[in-house]
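**Q** Dropping the structure in here first, questions after.
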Amino acid sequence: MVLVAAREVPAGAVLADGDVRPANVPGDAAQPGAITSLSDALGRRVAAGLVTGEALTASRLVPRAAVDGLPRGRVALHVVAADPASVD
């Protein structure tokens, strides 16, 4: 079972109950990173629009935090550049 879009969901929308539904998909046919749990989907912001029936994957959702998806032992930090041209 994977979660799919129950309706068209515009980019930037926050997923709610009526936006997703479960769909039975054979294990070998599920997309890599497919979301299977409502708790992993609800409340998450959609990075790009979803069409009805499209499988939800981790890459289609905005991370909850800057560290989401980082390998173990890695950290994320915010760096302010005094001179924006210095990062070029």
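Values quoted throughout were computed directly from the atomic coordinates according to the rules given, and no laboratory measurement underlies them. What you see is a predicted model; the values in this text were computed from it and never measured. Glycine also receives a Cβ, built like all others from the backbone with ideal geometry; neighbour counts cover every protein chain displayed.
**Q** In a GNM of the chain with a 10 Å cut-off on Cα contacts, which of 73, 27, 49 has the highest mean-square fluctuation?
**A** 73
**Q** Would you kindly give the portion of the calculated P(r) for the chain that falls above 20 Å, as a percent of all Cα pairs?
**A** Value for the chain (Cα pairs over 20 Å): 44 percent.
**Q** Sticking with this one: When the chain is modelled as a GNM with alpha-carbon springs shorter than 10 Å, which of 75, 51, 25 fluctuates the most?
**A** 75
**Q** With a cut-off of 8 Å between alpha carbons and a minimum separation of six or more residues, what is the relative contact order of the chain in percent?
**A** Relative CO of the chain lands at 32 percent.
**Q** Could you give each residue of region 25-32 its phi-based ³J(HN,Hα) in whole Hz, using Karplus coefficients 6.51, -1.76, 1.60 with θ = phi - 60°, and x for Gly or Pro?
**A** Rounded to whole hertz, the list is 9, x, x, 7, 9, 5, 5, x.
**Q** Let me ask something else. Per-residue ellipticity at 222 nm for the chain, helices alone: DSSP H runs ≥ 4 residues times -39500 (n - 2.57), over residue total, nearest 500 deg cm²/dmol?
**A** -500 deg cm²/dmol
**Q** What dipole magnitude, in Debye to the nearest 20, does region 22-68 give about its Cα centre under +1 on Lys/Arg Cβ and -1 on Asp/Glu Cβ?
**A** 200 debye
**Q** Follow-up question, since we're still on this one. Given charges of +1 on the Cβ of Lys and Arg and -1 on the Cβ of Asp and Glu, with all other atoms neutral, how large is the dipole of the chain about its Cα centre, in debye to the nearest 20?
**A** Magnitude of the dipole: close to 200 debye.
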